[in-house]
Amino acid sequence: MTTKTAKDADPKAARKKLADLAGRIKEQIEQAGGATRTALERHRDAGRLLTEARRSCEAANSKWGAWVKLHCGITQQHANRLIKLHGHWDRVGPALRRHGPLTRKEALAVIRGKDPGEGRERPPRRPITEKLVRKAVVKAGLEQHLAKILQLLAGLGIKVKGDADSAAE
């Protein structure tokens, strides 16, 4: 029994398969917006399809990076991450059972041998100060509206510390 390599495949059939795969890959990525576990599984499925597409690109003598960007709407780097997720799912499954739902970034960390629990808590954000708001307003060319912007932020419940308040900390 002989197996066909990518170079032995029919370029016309490979291009047809690529068109089909592009639609299925886009669908998987779009549907990944659901629950985290479902999203991760859909990203894994997109990685499986991308693996097939990469082989078909080779058979069709197409450039992989250009094809994935044009037909799937993602970068080659993103596609490679999804392929990696698919290829190393055996490492992700146990982490899902131990840690619960993971983000795609956490799943890729697991693949690299890191604990997804590390760094889950975000560092505290810098307080928003009047100086910071003033700087952003000036940069946007809206300095004549500074007072209204500060009122709007206060109305939204966003605390803006005065310059004296932030200097005391």
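Read-outs: derived from the displayed coordinates by stated rules, not from any lab. What you are looking at is a predicted structure, and each value in this text was computed from that prediction instead of being measured. Reconstructed Cβ throughout: ideal geometry from the backbone, glycine too, with neighbour counts over all protein chains shown.
Things to note:
- Scope segment 43-77; condition aliphatic (A, V, I, L, M) and either surrounded by fewer than 17 Cβ atoms within 10 Å (Cβ to Cβ) or not in a helix (DSSP H, G or I) (or both); matching residues: ALA60, ALA66, LEU70, ILE74
- Taking the criterion of being outside any helix (DSSP H, G or I) and surrounded by fewer than 19 Cβ atoms within 10 Å (Cβ to Cβ), the residues of segment 86-115 that qualify are HIS88, GLY100, PRO101, THR103, ARG112, GLY113, LYS114, ASP115.
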